[in-house]
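Notes follow the structure.
The values are calculated or read from the model by the stated rules, or taken from the named source; none is laboratory data. These numbers come from a predicted model, not from an experiment. Positions of Cβ are backbone-derived with ideal geometry, glycine not excepted, and every protein chain shown enters the neighbour counts. Accessible surface is based on the protein model in full, side chains and every heavy atom, while ligands, DNA and RNA are left aside. Shrake-Rupley method; radii C 1.70, N 1.55, O 1.52, S 1.80 Å.
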Amino acid sequence: MGVTPAPLALPRGGQLSFSRVRVMGVLNVTPDSFSDGGRFFDVDSAVARGHALVAAGADILDIGGESTRPGSAPVPAEEQIRRTVPVIARLAAETAAPISIDTTSAVVARAALAAGAHIVNDISAFRFDEAMIPLLAETGAPSIAMHTLAAPSVMQDDPRYGDVVADVVAHLRERVARCVAAGVARSQIVLDPGIGFGKTVAHNLALLAGLPELAALGHAVLVGTSRKSFLGQLTGRPVDAREMATAGSVAASIVLGAHIVRVHDVDGLRDAIIVADAIAHGERT
Ligand code: PMM
């Protein structure tokens, strides 16, 4: 099953180890996100949702102010900051869970880190904003480098690859090399194949089956399948009825090498995650 990756060193002390599979709970502070858009759009409901996710067992809270659903347009940095920073500040003060900021903007990431966030989650693997890698080098913050073929506005327009697994692995290797050359510690970078980001159903399935190839790079691997449309295409279910499909994909991801799973329904998926982790790694305490 491979070697357990080194823990992530968190800003202001503390670390996130991979002694068990880590659960990232999704908290989109957006009016239009793909599966929970509009539900947690004011500060109080977003903070309450964050507390509920932590109570359910979330190890990381992933807070985003920009929807990345297929076809979505970018949200200006000031608006992302307006949406996320008050929520991050409150949750950083009120919970112990590490917080990631889901953004491709270095200005937003900097503001989020200053407000108390710990991890930068960038769906472009630091390609959309050239200030992102220098920010990671300067702050030392851990980060998630996710593969996307293109910007969300166009990523689902006939995506093509040579060999999707080899292409995604090569791309993420190249992104890591750039980070390391700029002074970012390799062990602070989590890799993510970017399920649903410029991928057909077949591409997503190949990437999940190919997770051992990504995990072989030695980084922690994050997988986000929760409620995504390929699950709907496989099962015929609408977005609000994909929890069992999500559970199947999350369990498979864990067995195939994921160290972090990004999910909306932390409480509902708890048991599936525990069982899959135990099958993959033995019983853990
Ligand atoms: N998926 C979404 C947003 N951010 N970040 C990472 N690292 N990996 C993902 O798979 C991912 C992400 C889209 O899902 P949402 O709209 O339900 O948040």
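Name, by its number, the condition in (1) surrounded by fewer than 24 Cβ atoms within 10 Å (Cβ to Cβ); (2) within 14 Å of the ligand (Cβ to nearest atom); (3) closer than 21 Å to Phe18 by Cβ that does not hold for Arg262.
The one condition Arg262 does not meet is (1).
Residues are listed down the side, and each one gets a yes or a no for (1) part of a helix (DSSP H, G or I); (2) hydrophobic (A, V, I, L, M, F, W, C); (3) closer than 23 Å to Ala145 by Cβ; (4) open to solvent by 10 Å² or more (accessible area, probe 1.4 Å):
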residue	(1), (2), (3), (4)
Arg227	no, no, yes, yes
Gln233	yes, no, no, yes
Arg237	no, no, no, yes
Met244	yes, yes, no, yes
Ala252	yes, yes, yes, yes
Arg270	yes, no, no, yes
Ala278	yes, yes, no, yes
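If a residue has to be outside any helix (DSSP H, G or I) and either within 11 Å of the ligand (Cβ to nearest atom) or open to solvent by 10 Å² or more (accessible area, probe 1.4 Å) (or both) to count, how many in segment 211-225 make the cut? Even if it seems obvious, please write down each step before you answer.
Step one: list which residues in segment 211-225 are outside any helix (DSSP H, G or I), which gives 216-225.
Then drop every residue that is not either within 11 Å of the ligand (Cβ to nearest atom) or open to solvent by 10 Å² or more (accessible area, probe 1.4 Å) (or both), which leaves 216-219, 221-225.
Residues in segment 211-225 being outside any helix (DSSP H, G or I) and either within 11 Å of the ligand (Cβ to nearest atom) or open to solvent by 10 Å² or more (accessible area, probe 1.4 Å) (or both): 9 in total.
Could you grab me the full set of residues in segment 207-222 that are more than 16 Å from Val250 (Cβ to Cβ), of a type in the set (A, V, I, L, M) and out of contact with any strand residue (DSSP E or B) (no Cβ under 9 Å at 6 or more places or on another chain)?
Ala216
Could you list all residues from segment 127-158 that are in contact with a Cys (Cβ under 9 Å, 6 or more places away or on another chain) and open to solvent by 10 Å² or more (accessible area, probe 1.4 Å)? Full working, then the answer.
Residues of segment 127-158 that are in contact with a Cys (Cβ under 9 Å, 6 or more places away or on another chain), as a first pass: 133, 136-137, 143, 145.
Residues satisfying the conditions are Ile133, Ala137.
So is Gly218 out of contact with any Pro (no Cβ under 6 Å at 6 or more places or on another chain) and in contact (Cβ under 8 Å) with a residue 24 or more places away in the chain or not?
Numbers: out of contact with any Pro (no Cβ under 6 Å at 6 or more places or on another chain): yes; in contact (Cβ under 8 Å) with a residue 24 or more places away in the chain: yes.
The answer is yes for Gly218.
Of the residues in segment 166-202, how many are of a type in the set (Asp, Glu) and surrounded by fewer than 22 Cβ atoms within 10 Å (Cβ to Cβ)? If you could, list the steps in order and put the result at the bottom.
First, the residues of segment 166-202 that are of a type in the set (Asp, Glu): 167, 174, 192.
Those left that are additionally surrounded by fewer than 22 Cβ atoms within 10 Å (Cβ to Cβ): 167, 174.
Residues that pass the stated criteria total 2.
Taking the condition of being at pLDDT 95 or above, farther than 17 Å from Leu113 by Cα, open to solvent by less than 10 Å² (accessible area, probe 1.4 Å) and not β-branched (Val, Ile, Thr), how many residues in segment 19-36 meet it?
2
From Arg242, Arg270, Arg237, Arg227, which residue is touching a helix residue (DSSP H, G or I) at 6+ places or on another chain (Cβ under 8 Å), basic (Lys, Arg) and over 23 Å from Ser100 (Cβ atoms)? Steps first, answer last, please.
Details: Arg242 fails: over 23 Å from Ser100 (Cβ atoms); Arg270 fails: over 23 Å from Ser100 (Cβ atoms); Arg227 fails: over 23 Å from Ser100 (Cβ atoms).
Residue meeting the stated conditions: Arg237.
Which pairs turn up if I take residues in segment 135-157 that are closer than 19 Å to Val261 by Cβ and of a type in the set (Asp, Glu) and look for partners that are within 11 Å of the ligand (Cβ to nearest atom) and not in a loop (DSSP other than H, G, I, E, B) with beta carbon separation below 9 Å, at least 6 apart in sequence or on another chain?
Once the first residue is closer than 19 Å to Val261 by Cβ and of a type in the set (Asp, Glu) and sits in segment 135-157, no partner that is within 11 Å of the ligand (Cβ to nearest atom) and not in a loop (DSSP other than H, G, I, E, B) comes close enough.
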